[in-house]
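S.K.: This is the structure, below, for whatever I ask next.
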Amino acid sequence: APAARVPLVPRAELEGRSDWGIFARSVQVLGEMKDMIYHCGKCQVRLRRLSTSPRITCAEEALAAWVLKSRTVRRGRVLELGAGAGLAGLVAARLSRKHVELTDGDPCSVAALEDAVAVNSGSSTGSLGARQLKFGEVPAMKKFDLIIAADILEKDSHAAILRTARKLLKATGSFVIMASTGLEHFLRDAAAVFPKIQLKRDYDDAVSKALHGMPCRPKLAILRRPGARAPRAPRRLVSAVHGNEEKAICMQLDKEEVAENESHHSQESEAEADKGDEGEEYDVGEVQDDLAGERMDKGRLKHSQSDPLARPRAPKEGSEGLPKGPDCDERSHRSAYPERGSQPPSALLAKRQNVARPLIRRVKSLPFQGKFLALPSQL
């Protein structure tokens, strides 16, 4: 008698990978059904499919990998057109805080989607639903922030897809489509409805590594309405794609920064101007302090006892307890004036002019011989 025929097992299934090697996957065969668990990053998606069902397309797995890193998915309503197995939409349901809707025009696919919703609804962060929706139809439902689709492009379906996407998408939303073939022709037809189009081939490192050299490697297109806002770029690195309006805003912000810095420097210069002519005498006072020593220390001590606003000077760099370095002056200033926070010494000196003026008058009264002080002989 001939030996019983053993069904062939795909190599990816034996190695614990998905059909295209982008995700890890575990499969358990239950009769004619296969219970599959996809490990998509920190998310786990469970699918139950017939053994005779076609495998998930390459574009669907690549779209699920893109959804994992999308910020729009986490904060908006998501709709998947032509979901098929619904892998990308189920991954979006694990991340989105709002509603995710899976749609397809085939009644058998809709039944499989409803089963997937029942299996994965308990682990989704937001609400999850499935319904039948053919291209060109516009049901009465709330609009979405993001519409995703993978491998849905056919020759005569471009106008119907664009009509459904335009009617169900918010004015600030995005339509993301992944396709292996026919994407360029679709984008030519979509330019009239979605004037902002971005085409990418390298959008995920894991996808590029798994599908390197394969002709089926899909491309990603992001379509936006005229009122949609592109993701914000760093202010110093604004590209020409964002337009002149965003450049003008960035230039205005830079001008405001310059004006703020100029006002800050002008305040410091006014504080220095308030010192005015006392600057040189104050430096001479420091020389007198070094030469006279004990006499000037007694004067400062007497003045600090009479004036409560007087404060001790900050210790110099390299003094005991303060290590040397570029931040030494800042640390010494904070240790000497902890209650003043990070206020610069120039502003403190401007506020305590009444403290420095008696010392300045004292130095002015000393006799000068050229550039040096003539100290009394008894000192």
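S.K.: Specify the residue that is most open to solvent (accessible area, probe 1.4 Å); the eligible residues are those in the range 34-73 that are closer than 11 Å to residue 94 by Cβ and either touching a Gly at 6+ places or on another chain (Cβ under 6 Å) or modelled with pLDDT under 90 (or both).
M.R.: The selected residue is 42.
S.K.: Can you tell me how many residues in the range 196-228 are touching a residue at least 12 places away in the same chain (Cβ under 8 Å) and open to solvent by less than 80 Å² (accessible area, probe 1.4 Å)?
M.R.: Looking only at that region, the number is 22.
S.K.: For residue 94, state whether it is open to solvent by 40 Å² or more (accessible area, probe 1.4 Å) and under 23 Å from residue 24 (Cα atoms).
M.R.: In short, yes.
S.K.: Please determine, by comparing only the residues of the range 181-191 that are open to solvent by 30 Å² or more (accessible area, probe 1.4 Å) and closer than 18 Å to residue 147 by Cα, which one is farthest from the chain's Cα centre (by Cα).
M.R.: 189
S.K.: Suppose the filter is at pLDDT below 90, outside any strand (DSSP E or B) and out of contact with any Lys or Arg (no Cβ under 7 Å at 6 or more places or on another chain); does residue 13 pass it? Write out each step before concluding.
M.R.: Details: at pLDDT below 90: yes; outside any strand (DSSP E or B): yes; out of contact with any Lys or Arg (no Cβ under 7 Å at 6 or more places or on another chain): yes.
It is true that residue 13 is at pLDDT below 90, outside any strand (DSSP E or B) and out of contact with any Lys or Arg (no Cβ under 7 Å at 6 or more places or on another chain).
S.K.: Turning to a different aspect of this structure: Would the range 91-113 turn up any residue that is within 29 Å of residue 211 (Cβ to Cβ), basic (Lys, Arg) and not in a loop (DSSP other than H, G, I, E, B)?
M.R.: Yes - at least one qualifying residue is present in the range 91-113.
S.K.: Just need a number here: residues in the range 35-82 that are within 22 Å of the chain's Cα centre (by Cα) and in a helix (DSSP H, G or I). Working first, answer last.
M.R.: Keep residues of the range 35-82 that are within 22 Å of the chain's Cα centre (by Cα), which gives 40-43, 63-78.
Now narrow it down to the ones that are in a helix (DSSP H, G or I): 63-68, 71-75.
Selection size over the range 35-82: 11.
S.K.: Oh, and also: Take residue 127 and tell me if it is of a type in the set (S, T, N, Q) and open to solvent by 30 Å² or more (accessible area, probe 1.4 Å).
M.R.: Judged against the criteria, residue 127 is a match.
The values are calculated or read from the model by the stated rules, or taken from the named source; none is laboratory data. Because the structure is a prediction, the values reported are computed rather than measured. Here the Cβ is made from the backbone with ideal geometry for all residues, glycine too, and neighbour counts use every protein chain on show. Accessible surface is based on the protein model in full, side chains and every heavy atom, while ligands, DNA and RNA are left aside. Shrake-Rupley method; radii C 1.70, N 1.55, O 1.52, S 1.80 Å.
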